[in-house]
């Protein structure tokens, strides 16, 4: 989590915009594009990283790993703390993300599967076997309209 006192300035935002398009851009390339010195870019990047306000990461495409099914699932919990259930869900290889939420469900997860045929086994043999899972509300992602991580993974 970013330091509470950290404030992005216009240069920071410009550096981040360039790195979002090309995370491998050199400090020299960023500096040339922004009309500043390489040392200034290096200093700003180091400052943002030290404040935990930014990190450069690689983000892969689901399809590159042969995942053809995205399955958002709402999870309702009973008889156990939602935090504990969420931690168990996060241990499953097929689970790409786990969020504790307020609203209709206690937890929301995003599951990635290679084939639709795997869904039944995953739901019945893995998810429903986790202690505290009361019910599951799976949906199908039939099309991805936008998948844009403007913010680095948390």
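Computed from the coordinates by the stated procedures, all read-outs in this text should not be read as laboratory data. Model, not experiment: these values are computed from the prediction. Here Cβ is always computed from backbone atoms with ideal geometry, including for glycine, and neighbour counts include all displayed protein chains.
What is the fewest-to-most order of 140, 8 by other Cβ atoms lying within 10 Å of their Cβ? Let's see the in-between values first.
Details: 140 11, 8 15.
Arranged by neighbour count, lowest to highest, 140, 8 become 140, 8.
Report, to the nearest 10°, how far helix 10-21 tilts away from the longest principal axis of the Cα atoms in the chain, using its own Cα long axis and a range of 0 to 90°.
60 degrees
Which of 89, 70 has the fewest other C-beta atoms within 10 Å, and how do the rest follow up to the most?
On the way: 89 22, 70 18.
Listed from fewest to most nearby Cβ atoms, that is 70, 89.
Looking at the calculated P(r) for segment 62-138, what percent of the C-alpha pair distances fall above 18 Å? Don't skip to the end; give the middle numbers.
Details: 970 of 2926 pairs.
When all Cα pairs of segment 62-138 are counted, 33 percent exceed 18 Å.
Please determine, in degrees from 0 to 90 and to the nearest 10, the orientation of helix 38-50 with respect to the longest principal axis defined by the Cα atoms of the chain, where the helix direction is its Cα long axis.
For 38-50 against the chain, the angle is about 30 degrees.
Arrange the following residues from fewest to most other Cβ atoms within 10 Å of their Cβ: 107, 18.
18, 107
What whole number of Å gives the distance from the Cα centroid of segment 1-50 to the Cα centroid of segment 103-137?
Cα centres, segment 103-137 to segment 1-50: 40 Å.
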